[in-house]
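Q: Submitted below is the structure of interest, expressed as structure tokens.
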Amino acid sequence: MSTQQTAVSPGKANLALATLFLAMFVMVSGELLVVGVLDRIAADLKVTIPAAGTLVTAYALGLALGGPILTALTIKLDKKVVLLGTLLLFAASNVAMTMTTSYGVFLGVRFFIGALAGLFIAVGFTAAVSVVPPERMGKAIGIVISGVAMAGALGVPLGTAVAPVIGWRGSFLAIAGVAVVVLIGAAALIPSVAASGGGVGHQAKYAFAPRVLAVLFLNFIVFATAFAAWTYIVPFLQDVTGISGSMLSVFLLAYGAATAVGSFGGGKFADWNAGRALIIGGIGMAVSLLALYFVGSVAFLVAIVLVALGLSHYGIVASLQVRVITLAGPGGQLAQSLPVSAANIGIAFGAFAGGIAIKNYSASAPVITGVILAVVTILVAWGSSYLKPPVVEESTATAQSVPEPA
């Protein structure tokens, strides 16, 4: 792995990781906030709900396509400088959204924010890994990822709750304000991280090697598995489990809390053995989804199964990232932007597959779709566990090696 280690005390490392966690929480909350206030935005911009929904698509496209491009363009810059610049542009972009009444401008800004998020995720992982010893790489990545899960569990409900009071524009201004506070904290607490690993051409040779592409496909199929079922979990809970109203929020919150816990704890499994953790996680997802299908009419069992699904899914996200970084070798810094792109494509595919299932069969069909994809996940995880990082000549190695979880 081509990230240089920065000599900092454990206390300073923990402060840096906490700052990166908060920054990730803020950026992803800004992403998901749109979902909670979509109707208000549509009314204000005088567009239909489906048209407003493309704001979510624009962000996803920006993240999947723009993130790797911005990562490549900034590959030779100090990572702290890139982090601070990204947070500043993120805050400014959120302010810009509150000042426009043009749907087209709003759409363009959302695409740009998505690209910024993709860049921030890649550089954030680089910064996180740089402040810890190699054997704690997974834990550091898990802490940063847990900011994403926490935003899903708490960020959207909080934003949606304040929107009726301060309006949707006020919600985005609040996000911008918090981003500025985090920016100040990042400037003080995150150390400089010099670029390493060579230029874009050199890193791309390693970042897009077949062994890395195999794990990126695994990343894709893991998220497709989860979101084939999760995208349509509300119809399942209503039609199969028989719950509605405020109880729906309880079940969704239970899953969200499990994803946060899984993200944080999953880093330890990544440090233990990322390859094996992916196999175990795939089995956990398959068992959870199969159980969901069979106990779907029993509410308290459904709650338990959703927690298990959240733990098993997000418990392996850090392992996916670790495998990509280690298998990319000297291309690790560029490769760090790719898993999130693969995940977003997987989410879109999973939602599409689940949509076909629920349209043609029943509310339980997306869960079975997830089970089928989970079987593929297990097979790919097993096969990819045998992949090894590239052998790099000592004279050309630009960073210390990281023990590879086989």
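Q: Most fluctuating residue of 49, 145, 368 in a GNM of the chain with Cα springs under 10 Å: which is it?
A: Result for the chain, Cα springs under 10 Å: 49 fluctuates most.
Q: Also, I was wondering about something else. Can you give the convex hull volume of the alpha carbon atoms of segment 1-196 per residue, in Å³?
A: Residue-normalised Cα hull volume stands at 103 Å³.
Q: Which pairs, out of 268/359; 46/80; 139/388, put more than 29 Å between their alpha-carbon atoms?
A: 268/359; 46/80
Q: Next question, about the same structure. As an exercise, use a Förster radius of 35 Å and the Cβ-Cβ distance of residue 244 and residue 84 to find the FRET efficiency, rounded to the nearest 0.05.
A: E(calc), rounded to 0.05, equals 0.15.
Q: What residue among 143, 283, 316 has the largest mean-square fluctuation in a Gaussian network model of the chain, using Cα springs under 10 Å?
A: Looking only at 143, 283, 316, the biggest GNM fluctuation is shown by 283.
Q: Here's another thing I want to ask about it. With viscosity set to 1.002 mPa s at 20 °C, what whole-number translational diffusion coefficient in µm²/s follows for the chain from Stokes-Einstein and a Kirkwood radius over Cα pairs?
A: Roughly 101 µm²/s, to the nearest whole number.
Q: Quick one: Cα convex hull volume of segment 69-165, Å³ per residue?
A: Convex hull of Cα atoms, per residue: 116 Å³.
Q: Helix check for the chain. Which DSSP H runs span at least 18 Å along their own axis by Cα, with a mean Kyte-Doolittle hydropathy no less than 0.0?
A: In the chain, the long hydrophobic H runs are 10-36, 49-61, 79-99, 103-130, 137-150, 156-189, 210-230, 246-294, 299-314, 338-360, 365-384.
Q: Under 15 Å from the Cβ of residue 190, count the other residues' Cβ atoms, weight Lys and Arg +1, Asp and Glu -1, and hand me the total.
A: Net charge in that neighbourhood comes out at +2.
Q: Quick one: net charge of residue 266's neighbours, Cβ under 14 Å, K/R +1, D/E -1?
A: +4
Q: With each pseudo-label sitting 7 Å past Cα toward Cβ, what's the residue 18-residue 154 distance in nm, one decimal?
A: 1.3 nm
Q: Comparing 389, 235, 50, which has the greatest mean-square fluctuation in the GNM of the chain with Cα pairs linked when under 10 Å apart?
A: Looking only at 389, 235, 50, the biggest GNM fluctuation is shown by 50.
Q: Now for a different question. Report the extension gain between residue 92 and residue 301 in nm, rounded to one decimal, defined as 0.36 nm multiplied by the number of residues separating them, less their alpha carbon distance.
A: 70.7 nm
Q: What does the helix-only formula give at 222 nm for the chain: each DSSP H stretch with n ≥ 4 adding -39500 (n - 2.57), the total divided by the residues, and the result rounded to the nearest 500 deg cm²/dmol?
A: Value at 222 nm, helices only, nearest 500: -26000 deg cm²/dmol.
Q: Binning every alpha carbon pair distance of segment 198-406 at 10 Å from zero, what are the percents per bin?
A: 9, 34, 31, 16, 7, 2, 0
Q: Let me ask something else. When you take every Cα atom in segment 121-242, what is the radius of gyration, and what is Dmax, the widest Cα pair distance, in Å?
A: Gyration radius and largest Cα-Cα distance of segment 121-242: 19.6, 56 Å.
Q: 7 Å from Cα along Cα→Cβ at both residue 69 and residue 234: what's the point-to-point distance in nm?
A: Distance between the two pseudo-spin positions: 3.3 nm.
Q: Moving to a separate point now. Going 7 Å from the Cα of residue 166 toward and past its Cβ, which residues in segment 96-112 have a backbone nitrogen under 14 Å from where you end up?
A: Once the point is set 7 Å along Cα→Cβ of residue 166, 98 turn out to lie under 14 Å by backbone N, inside segment 96-112.
Q: Now for a different question. Please state the charge dipole magnitude for segment 198-406, taken about the Cα centre, from unit charges on C-beta atoms (+1 on K and R, -1 on D and E), reported in debye and rounded to the nearest 20.
A: Roughly 140 debye for segment 198-406.
Each value in this text was obtained by applying a stated rule to the coordinates, not by laboratory testing. Being a predicted model, the structure only gives us computed values, none of them experimental. FYI the Cβ positions are ideal-geometry reconstructions off the backbone, even for glycines, and counts take in every protein chain you see.
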